[in-house]
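Inspection log for the structure reproduced underneath, given as structure tokens.
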């Protein structure tokens, strides 16, 4: 793509680094910003700067938060005895949209993937095990994507949590293999949570 301006080219290049954004989409976004008032562009850039500088991750569940502990963890309306384990904050948002789950969460910040160089120590697995040991957790729900990496992570987590002698369950397979939690429709995801099954039972299916 030929650019009439180096400034334009640099801006398109930066937008193109975002996931799912090709060069044509990046150009469209940059041109859109060029047509906005300076005040609107300033609000846009300021919001990103504030986000990057001030965002926090909950010390308990590692979900994105404005404070040290997120609103879910500090709510007295949540069931403190159930912890739903997810890959990242997008999955927390997807599950919350179903209005079918009222427990707590634990965000792993990824999945075990040896091909990508991601091992158990790169995730918040040790924090989960420690949390289960300290808190009055009665059930842990594995709500991870039905992929090879998701299944590998669940298998590893199950091994680590078995000594705790708590109930371990996983989503009912309403989500097709290879499907990711964040892209599941709310009805399917909600049913998968409410009809969750013991992890051992899921292995025989």
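Considering every residue within the stretch 44-65, establish whether at least one is more than 22 Å from residue 142 (Cβ to Cβ), crowded, with 17+ Cβ neighbours inside 10 Å and outside the structural domain of residue 152 (by TED's automatic domain parsing). Yes, that holds for at least one residue. In the set (1) within 23 Å of residue 71 (Cβ to Cβ); (2) at pLDDT 95 or above; (3) outside any helix (DSSP H, G or I), the condition left unmet by residue 100 is number (2).
Among the residues in the stretch 83-90, are any within 30 Å of residue 143 (Cα to Cα), outside the structural domain of residue 131 (by TED's automatic domain parsing), touching a helix residue (DSSP H, G or I) at 6+ places or on another chain (Cβ under 8 Å) and surrounded by 14 or more Cβ atoms within 10 Å (Cβ to Cβ)? Scanning the stretch 83-90 turns up no residue that is within 30 Å of residue 143 (Cα to Cα), outside the structural domain of residue 131 (by TED's automatic domain parsing), touching a helix residue (DSSP H, G or I) at 6+ places or on another chain (Cβ under 8 Å) and surrounded by 14 or more Cβ atoms within 10 Å (Cβ to Cβ).
Please note which helices (runs of 4 or more DSSP H) are completely contained in the stretch 1-77 and include at least 3 residues that are over 30 Å from residue 101 (Cα atoms). Lay out the reasoning, then the answer.
On the way: elements: 6-15, 23-34, 38-54, 71-74.
Qualifying helices (runs of 4 or more DSSP H): 6-15, 23-34, 38-54.
Taken together, 47, 67, 42 contain a single residue that is under 30 Å from residue 124 (Cβ atoms) and over 20 Å from the mean Cα position of the chain (by Cα), which is 47. Is the stretch 79-94 home to any residue that is free of Cβ contacts under 8 Å to residues at least 40 places away in the same chain and in a loop (DSSP other than H, G, I, E, B)? Yes: the stretch 79-94 contains one or more residues that are free of Cβ contacts under 8 Å to residues at least 40 places away in the same chain and in a loop (DSSP other than H, G, I, E, B).
For the stretch 107-166, residues that are over 20 Å from the mean Cα position of the chain (by Cα), surrounded by 14 or more Cβ atoms within 10 Å (Cβ to Cβ) and part of a helix (DSSP H, G or I) total 2.
The values are calculated or read from the model by the stated rules, or taken from the named source; none is laboratory data. Only a predicted model underlies this, so the values are computations on that prediction, with no experimental measurement involved. Methodologically, a virtual Cβ is constructed for each residue, glycine included, from the backbone with ideal geometry; neighbour enumeration extends over all protein chains shown.
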